[in-house]
Amino acid sequence: MRKYVSEAVIVAAGIVLMGIAIAIGLKSVANKERVVNVKGLAEMEVAADKVTWPLVYKNIGNDLSVIYRDLQKTNDIITGYLLENGIEKNEITLGAPEIIDMKAERYSSNESPYRYNVTSVITVVSSKVELVRNLISEQSELLKKGVAITGGDYRYNVEYEFTSLNDVKPQMIEEATKNARKAAEKFAADSDSKLGKIKRAYQGQFSISDRDLNTPYIKKIRVVTTIDYLLKD
């Protein structure tokens, strides 16, 4: 008889403990945080504040000393033109000429009567973007001075940059955060919940790209912020 009583007590105790465990589990589920994950986008168009303009020209000939004198003369013409039109001296860099000896090219089939082909680059790096853009559109003025600026070489493209990202970061982060909150509030309303505090927030990387192929001097800045909000009943 005692044996049966002991077994009954053990079974009863097990049932009680199981009930307690179930109650604790249900309470844990009930108190589990509900979270909504949302993203907020902010975009802005800005004008480039830095331009790099390579002015490329070529000389051909058979006498390097003559070519060198021509280079010096052309450099002086281009530099003078730039200085006369608002470019500062410290914004101008003269690159070393690139010399190709056509007779020394083993696989060259060039039948040109000239032995040397020399490429020279004068580079303007300036924050005066609009001024440089105007000079680029008017560089035919150099033709009147006997200087032909060449193009088509991918190594020497005009480049526009936006270097003042830190100035617009706070504004864009604020906008992205507001847009994320709007999305979270809409989700909360649709699910008959109330929006709680921020649990986590992740600031995405800022990206800067050309607005389009035709206006590389207009930049598009973009950032996406990811935020986890708590939901309440």
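Check region 138-150 and report whether any residue there is in contact with a strand residue (DSSP E or B) (Cβ under 7 Å, 6 or more places away or on another chain), outside the structural domain of residue 223 (by TED's automatic domain parsing), on the phi < 0 side of the Ramachandran plot and exposed (fewer than 14 other Cβ atoms within 10 Å of the Cβ). Write out each step before concluding.
Applying the first criterion (in contact with a strand residue (DSSP E or B) (Cβ under 7 Å, 6 or more places away or on another chain)) to region 138-150 yields 147-150.
Next, only the ones that are outside the structural domain of residue 223 (by TED's automatic domain parsing) stay: 147-150.
After this cut, where a residue has to be on the phi < 0 side of the Ramachandran plot as well, the list is 147-150.
Add one more test, that the residue is exposed (fewer than 14 other Cβ atoms within 10 Å of the Cβ), and what stays is 148, 150.
Looking for residues that are in contact with a strand residue (DSSP E or B) (Cβ under 7 Å, 6 or more places away or on another chain), outside the structural domain of residue 223 (by TED's automatic domain parsing), on the phi < 0 side of the Ramachandran plot and exposed (fewer than 14 other Cβ atoms within 10 Å of the Cβ), one finds at least one in region 138-150, hence yes.
Does region 91-111 contain any residue that is touching a strand residue (DSSP E or B) at 6+ places or on another chain (Cβ under 9 Å), outside any helix (DSSP H, G or I), within 30 Å of residue 44 (Cβ to Cβ) and free of Cβ contacts under 8 Å to residues at least 60 places away in the same chain?
no
Return yes or no: is residue 60 within 21 Å of residue 143 (Cα to Cα), part of a loop (DSSP other than H, G, I, E, B) and aliphatic (A, V, I, L, M)?
Numbers: within 21 Å of residue 143 (Cα to Cα): yes; part of a loop (DSSP other than H, G, I, E, B): no; aliphatic (A, V, I, L, M): yes.
No; evaluated as a whole, the condition is false for this residue.
When the residues of region 166-206 are narrowed to those that are surrounded by fewer than 16 Cβ atoms within 10 Å (Cβ to Cβ) and in a strand (DSSP E or B), which ends up farthest from the chain's Cα centre (by Cα)?
194
The values are calculated or read from the model by the stated rules, or taken from the named source; none is laboratory data. These numbers come from a predicted model, not from an experiment. Ideal geometry is used to build each Cβ from the backbone, glycine not excepted, and the neighbour counts take in all protein chains shown.
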